[in-house]
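A.B. asks: The structure under discussion is supplied below as structure tokens; questions concerning it will follow.
The values are calculated or read from the model by the stated rules, or taken from the named source; none is laboratory data. Fair warning: this is a prediction, and the values are worked out from it, not measured in the lab. In this analysis, Cβ positions are derived from the backbone assuming ideal geometry, glycine residues included, and neighbour counts consider all displayed protein chains. Note: areas computed on protein heavy atoms with side chains; ligands, DNA, RNA excluded. Shrake-Rupley method; radii C 1.70, N 1.55, O 1.52, S 1.80 Å.
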Amino acid sequence: MIVDSARYHAGVRDAEATSVADAARLSREGPGFVWVAVSQPAREELDELSGCFDLPALAVEDALEGHQRPKLEAYGGCVFVVVKTVRYDEAVGQLDVGELDVFVGARYAIVVSRSAGDVFGSIRRRIDGHPVVTALGPMAALWAVLDTVVDDAERVADLLVDEAQRMEQAVFQGDRDQSEAIYLHHRRVDQLGRAVHPVLAVFDTLQRGEPVMSPDGVRALLRDAGDHARRLSEEVELLSGRLDGLLSANLSRVTVRQNVIMQKVSAWAAIAAAPTIIAGIYGMNFSHIPELTWPFGYAYALAVMVAAVWALHWNFRRAGWL
């Protein structure tokens, strides 16, 4: 259940925890705060966490059910934050959305992961790599979580932008219909937007000092991460609009190609109709058809057919149909 657990004092890990009870004991005994990272816990494991750290029952229930919208809620001495993680597999074109549930108290920071990817390594590198910030308390761990989530989402957004550029080239330089690919990519961008946009409200709340006032060093980092999240949200919105325009452009090009094909088919049908009409008339075998007994009648009919075909072909080419 526990992926990582330790106590941080003065910004440095000074004790490792081997169980939930051990982590709870460290949070009560010494200075600093306890960091606990849990992956895919069962109900019994969450109940143990809740009992040892006295976590809010409603927040624990949300963490158990999962599929929560990104949010921030205060329960007395505990702050509960939900954020979404995103990971893009280019090989199969699939966007995986996970969830992190964060409990922050006066002496602990607990993160429950329901994500397919491994995010704890990046979070720990931030916690261990900024001892001055980590020394400010458990809100530093919340910053590490939020900053990791935003950075991962930015990398995914860059990959989706690159994919959109390849689709633009396929639309304007190729002849195949790209409607399905654009639509599926638009869905991935919408998934990313649903993961990113609600996080802005979390940053706004934290920057206002609600529900708890973060230390100055942490608040500055939260403000920087919030700026990244806002820029990312704008980029996702622009990419969504760009794909809307690309889908319209693709449909227009498909319509134009269909019109060109219909023009060519119509032109060749008209060209084929001229000799067919002439041959049909002279093939009725009536006794009094003009030139029926004329020695040059056959050559004359062929010449008229060739002239009609050439004239129609010349006119259609001049009109751009062929």
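A.B. asks: Would you mind checking the tilt of helix 20-29 against the longest principal axis of the Cα atoms of the chain, expressed as 0 to 90 degrees and rounded to 10?
C.D. replies: Helix 20-29 and the main axis of the chain meet at about 50 degrees.
A.B. asks: Full-extension gain between residue 270 and residue 228, please, as 0.36 nm times their residue separation minus the C-alpha to C-alpha distance.
C.D. replies: My answer for the length gained is 8.9 nm.
A.B. asks: For region 74-142, build the charge dipole from Cβ charges (+1 Lys, Arg; -1 Asp, Glu) around the Cα centre, then report which of 103, 119, 76 sits farthest towards its positive end.
C.D. replies: 76
A.B. asks: I've got another one for you. Have a look at 186, 145, 67 and report the one farthest towards the positive end of the charge dipole of the chain, computed about the Cα centre with Cβ charges (Lys/Arg +1, Asp/Glu -1).
C.D. replies: 186
A.B. asks: Give me the number: length gained by fully extending residue 42 to residue 279, i.e. 0.36 nm times residue separation minus the C-alpha to C-alpha distance, one decimal in nm.
C.D. replies: 76.9 nm
A.B. asks: Give me the percent relative contact order of region 194-316, please, defined on Cα pairs under 8 angstrom at least 6 residues apart.
C.D. replies: Relative contact order of region 194-316: 22 percent.
A.B. asks: Then there is this: Give the carbon-plus-sulfur fraction of the accessible surface of region 183-263 in %, rounded to a whole number; probe 1.4 Å, heavy atoms of protein chains only.
C.D. replies: On region 183-263, the fraction of accessible area on carbon and sulfur atoms equals 56 percent.
A.B. asks: Under the 0.36 nm per residue contour assumption, what length would be gained going from the current alpha-carbon distance of residue 29 and residue 258 to full extension?
C.D. replies: Answer, rounded to one decimal: 74.8 nm.
A.B. asks: Between region 210-236 and region 1-56, what is the separation of their alpha carbon centroids in Å?
C.D. replies: Cα centroid to Cα centroid, the span is 26 Å.
A.B. asks: Follow-up question, since we're still on this one. Roughly how big is region 176-302's charge dipole about its Cα centre, with Cβ charges of +1 (Lys, Arg) and -1 (Asp, Glu), in debye to the nearest 20?
C.D. replies: Charge dipole of region 176-302: 180 debye, to the nearest 20.
A.B. asks: Then there is this: Treating the beta-carbon of each Lys and Arg as +1 and of each Asp and Glu as -1, no other charges, what is the dipole magnitude of the chain about its Cα centre, to the nearest 20 debye?
C.D. replies: 1380
A.B. asks: Kindly state, as a whole number, the per residue volume in cubic angstrom of the convex hull around the alpha carbon atoms of region 1-133.
C.D. replies: Cα convex hull per residue, to the nearest whole number: 113 Å³.
A.B. asks: Strictly greater than 21 Å: what percent of every Cα pair in region 121-195 meets that?
C.D. replies: Above the 21 Å cut-off, region 121-195 has 48 percent of its Cα pairs.
A.B. asks: Turning to a different aspect of this structure: Classify region 156-284: rounded, prolate or oblate, from the alpha-carbon gyration tensor (a ≥ b ≥ c, eigenvalue square roots; a/c under 1.5 rounded; otherwise prolate if a/b is larger than b/c)?
C.D. replies: Note, shape of region 156-284 comes out prolate.
A.B. asks: Hey, another quick one. Please report, in debye to the nearest 20, how large the charge dipole of region 194-249 is about its Cα centre when each Lys and Arg carries +1 at its beta carbon and each Asp and Glu carries -1 there.
C.D. replies: Once rounded to the nearest 20, the dipole reads 60 debye.
A.B. asks: Moving on to the next point. Which residue, chosen from 58, 2, 243, occupies the Cα position most advanced towards the positive end of the dipole of the chain, where the dipole is computed from +1 (Lys, Arg) and -1 (Asp, Glu) charges on Cβ about the Cα centre?
C.D. replies: My answer, from the dipole projection, is 243.
A.B. asks: Could you work out the longest stretch of the chain that avoids the trypsin sites (Lys or Arg not before Pro) located in DSSP loops with at most 14 other Cβ atoms within 10 Å?
C.D. replies: After excluding every exposed loop site, the longest remaining stretch is 1-175.
A.B. asks: So if R0 is 30 Å, what FRET efficiency would residue 175 and residue 310 give, r being the distance between their Cβ atoms, rounded to the nearest 0.05?
C.D. replies: The pair residue 175/residue 310 has a calculated efficiency of 0.50.
A.B. asks: Among rounded, prolate and oblate, which fits the chain when a ≥ b ≥ c are the square roots of the eigenvalues of its C-alpha gyration tensor, a/c under 1.5 means rounded, and a/b larger than b/c means prolate?
C.D. replies: Taking the square roots of the gyration eigenvalues as a ≥ b ≥ c, the chain is prolate.
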